[in-house]
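Below is one structure, written out as structure tokens, with a few remarks after it.
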């Protein structure tokens, strides 16, 4: 049974929550695929799939609390920003999964894990993290965020 990934369960207590987050930070994102307007990936022993909706998004990217959808700002799409677009899709899909499955707080716990997975995905696929951060930063400030 060596190498088998066992799906994680929701934590109980503060120590259990910290241990879960540590385990999630080290769990790899694998088999990332994009087909049409969908993203598919495996993370922490779970299969995740969400629809991708490109629209004017106030926070660069977000996810639906009701449907299996992630929203990406239309300014991020385009051939020159394809790696950043895909990395944001991975980030949002992982963040949505963590908030819904494990009840992690979106702004602190789920975002920290999703941000690490976004960076790992981007660097694995030949993207530049600093360039990606600048694209996201300027899109966010262009939309009026501080």
query = Per the helix-only calculation at 222 nm, which mean residue ellipticity applies to the chain, given -39500 (n - 2.57) for every DSSP H run of n ≥ 4 and division by its residues, nearest 500 deg cm²/dmol?
reply = -14500 deg cm²/dmol
Tail beyond 16 Å, pair distance distribution of segment 40-118 (Cα, percent) = 46
remark   = In terms of the alpha carbon gyration tensor, root eigenvalues a ≥ b ≥ c, rounded if a/c is under 1.5 and otherwise prolate when a/b exceeds b/c or oblate, segment 22-82 is prolate
note = DSSP beta bridges in the chain: the antiparallel percent, rounded to 5, is 75
request  = Which order do the peptides 89-97, 64-72, 15-23 take when ranked by the mean count of other beta-carbon atoms within 10 Å per residue, highest first?
outcome  = 89-97, 64-72, 15-23
Kirkwood hydrodynamic radius of the chain, Cα pairs, Å = 15.7
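Bear in mind these aren't lab numbers, they're just calculated from the coordinates by the rules spelled out. This one's a predicted model, so the numbers in the text were calculated from it and none came from an experiment. Cβ coordinates were reconstructed from backbone atoms using ideal geometry, including for glycine residues, and neighbour counts include every protein chain displayed.
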